[in-house]
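Student: Take a look at this one; I'll ask things after.
The values are calculated or read from the model by the stated rules, or taken from the named source; none is laboratory data. All of these numbers come straight from a predicted model, not from anything done at the bench. Positions of Cβ are backbone-derived with ideal geometry, glycine not excepted, and every protein chain shown enters the neighbour counts.
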Ligand SMILES: CCCCCCCCCCCCCCCCC(=O)SCCNC(=O)CCNC(=O)[C@H](O)C(C)(C)COP(=O)(O)OP(=O)(O)OC[C@H]1O[C@@H](n2cnc3c(N)ncnc32)[C@H](O)[C@@H]1OP(=O)(O)O
Ligand SMILES: Nc1ncnc2c1ncn2[C@@H]1O[C@H](COP(=O)(O)OP(=O)(O)OP(=O)(O)O)[C@@H](O)[C@H]1O
Ligand SMILES: O=C(O)CCC(=O)C(=O)O
Ligand SMILES: [Fe+2]
Ligand SMILES: [Mg+2]
């Protein structure tokens with residue numbers, strides 16, 4: 001059952017914008033998730049969308065890159081919506097606005113240059129439209145099946161590094177942040193909003209790492225500081241072979257939540273932008289992370305929810321159930 005605190009938060013959110021009617025808790029068991037894909041493929045479903053090569057590539061590497069999937073016109077609209085939010089022309093319930101730690105701690109910067117990341121833009125129509133684009137969902141369905149929830153949304157505006165190297169994102173597995181399973185029915189779509197390359201801090205991935213298990217994550221011991229909640233895999237070996245995903249505007253990478261990835265520092269003068277959404281099958285189920293390696297992030301998220309909404313004892317699962325939005329099919333479980 002969802003806690004009373006969560007019910008209170010639901011009331012608060014309803015009051016704020018009147019659109020949070022379909023929050024529900026569900027803790028269904030693993031059996032409710034169907035596994036009707038052929039035995040030989042573990043990570044992809046049998047659809048006519050992926051070519052056999054793409055399918056094998058995702059199975060082997062844990063990601064596929066689709067070129068030119070989102071139009072320049074759409075990206076321009078997302079950019080405008082982002083600017084409006086940074087200028088505070090619109091107030092958004094639930095939105096998390098993050099600044100780079102070394103920028104927040106030094107100069108007084110305003111507007112777009114102060115914002116490193118927006119999270120939870122599910123109530124911003126001009127941004128959330130990204131998560132509903134049919135050409136994105138077409139691919140997402142190959143991993144999640146027909147009932148699709150948008151669980152986590154981000155617009156990343158990686159700032160020029162201040163010299164403290166805090167613009168880096170440590171190597172991590174996104175599953176560390178998630179209170180739902182199974183992992184194989186979760187996928188991230190990440191779209192470059194401009195050319196991204198090694199110089200401005202493109203994504204860096206460890207191909208095949210999605211075949212491993214969820215690792216222990218913690219703050220890396222970086223001299224110049226580390227952003228709040230930027231946990232990295234513990235004992236990361238910086239000599240491990242990696243792939244830099246250089247992408248053009250509109251190119252989109254779909255990747256598994258166990259794929260180890262991060263991004264390097266931005267050594268240019270520009271703010272490197274990308275927009276992303278984590279999707280899960282609505283048939284997934286919530287898990288209790290107590291006593292697991294995820295307890296550290298769970299505590300941080302609950303603490304943030306408390307400071308943001310003043311609601312105590314909201315569970316980690318509740319924070320996900322409240323933010324998730326159905327984008328296709330039926331909201332069966334999550
Ligand atoms: C319904 C529930 C909602 C819950 C929301 C949950 C959000 C995210 C979780 C899930 C992520 C899943 C997906 C995987 C993706 C991987 C990630 O990206 S992890 C997430 C990245 N991190 C965050 O988004 C952190 C969330 N942001 C914050 O908590 C706040 O922005 C803040 C860091 C607390 C700062 O906010 P605010 O208090 O408004 O800022 P200031 O007033 O400017 O500064 C106050 C204080 O905090 C220091 N500070 C500012 N920015 C940072 C920073 N980036 N890192 C560390 N510290 C920071 C600042 O210097 C001030 O400190 P001082 O000592 O008081 O001077
Ligand atoms: N100790 C560490 N723990 C976790 N992740 C790390 C660690 N050191 C580096 N990384 C991550 O590894 C990835 C690559 O880092 P790096 O800063 O070297 O960027 P790069 O793209 O390789 O740039 P360069 O061209 O300078 O080598 C980034 O995601 C970075 O945050
Ligand atoms: O640097 C980026 O754009 C992506 C960072 C990332 O992997 C994340 O936020 O989970
Ligand atoms: Fe990530
Ligand atoms: Mg390097």
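Student: Hey, can you tell me all the residues within the range 180-202 that are under 13 Å from the mean Cα position of the chain (by Cα) and within 15 Å of ligand 1 (Cβ to nearest atom)?
Tutor: Within the range 180-202, 186, 187, 188, 189, 190 meet the criteria.
Student: With the requirement that a residue be in contact with a strand residue (DSSP E or B) (Cβ under 9 Å, 6 or more places away or on another chain) and within 14 Å of residue 258 (Cβ to Cβ), what does the range 185-223 give you?
Tutor: Listed by number, the residues that qualify are 185, 186, 187, 188, 205, 206, 207, 209, 210, 215, 216, 217.
Student: Identify all residues within the range 281-322 that are in a loop (DSSP other than H, G, I, E, B), without any contact (Cβ under 8 Å) to a residue 24 or more places away in the chain and over 18 Å from residue 96 (Cβ atoms); write none if there are none.
Tutor: 290, 291, 292
Student: Another one. Mind checking which pairs have a first residue in the range 258-271 that is within 8 Å of residue 160 (Cβ to Cβ) and a second that is assigned to a loop (DSSP other than H, G, I, E, B) and away from ligand 4 (no atom under 16 Å from the Cβ), Cβ under 6 Å, 6 or more apart or different chains?
Tutor: Pairs found: 266/160; 266/161; 269/160; 271/159.
Student: If you check residue 226 against the conditions, is it in contact with a strand residue (DSSP E or B) (Cβ under 9 Å, 6 or more places away or on another chain), within 22 Å of residue 185 (Cα to Cα) and within 11 Å of ligand 2 (Cβ to nearest atom)?
Tutor: Criteria not met by residue 226.
Student: Can you go through 225, 250, 212, 232 and tell me which one is surrounded by fewer than 21 Cβ atoms within 10 Å (Cβ to Cβ) and closer than 22 Å to residue 290 by Cα?
Tutor: That would be 212, the only listed residue that is surrounded by fewer than 21 Cβ atoms within 10 Å (Cβ to Cβ) and closer than 22 Å to residue 290 by Cα.
Rundown of residues vs (1) more than 25 Å from residue 226 (Cβ to Cβ); (2) within 10 Å of ligand 3 (Cβ to nearest atom); (3) surrounded by fewer than 22 Cβ atoms within 10 Å (Cβ to Cβ), yes/no style:
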| site | (1), (2), (3) |
| --- | --- |
| 114 | no, no, yes |
| 125 | yes, no, yes |
| 128 | yes, no, yes |
| 135 | yes, no, yes |
| 138 | yes, no, yes |
| 151 | no, no, no |
| 162 | no, no, yes |
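Student: Looking at this structure, is residue 170 surrounded by fewer than 21 Cβ atoms within 10 Å (Cβ to Cβ), within 8 Å of ligand 2 (Cβ to nearest atom) and either at pLDDT 95 or above or under 13 Å from the mean Cα position of the chain (by Cα) (or both)?
Tutor: Judged against the criteria, residue 170 is a match.
Student: Residues in the range 252-270 that are touching a strand residue (DSSP E or B) at 6+ places or on another chain (Cβ under 8 Å) and within 13 Å of ligand 3 (Cβ to nearest atom): how many?
Tutor: 12
Student: Let me confirm something: among 100, 120, which residue is surrounded by 15 or more Cβ atoms within 10 Å (Cβ to Cβ) and on the phi > 0 side of the Ramachandran plot?
Tutor: 120
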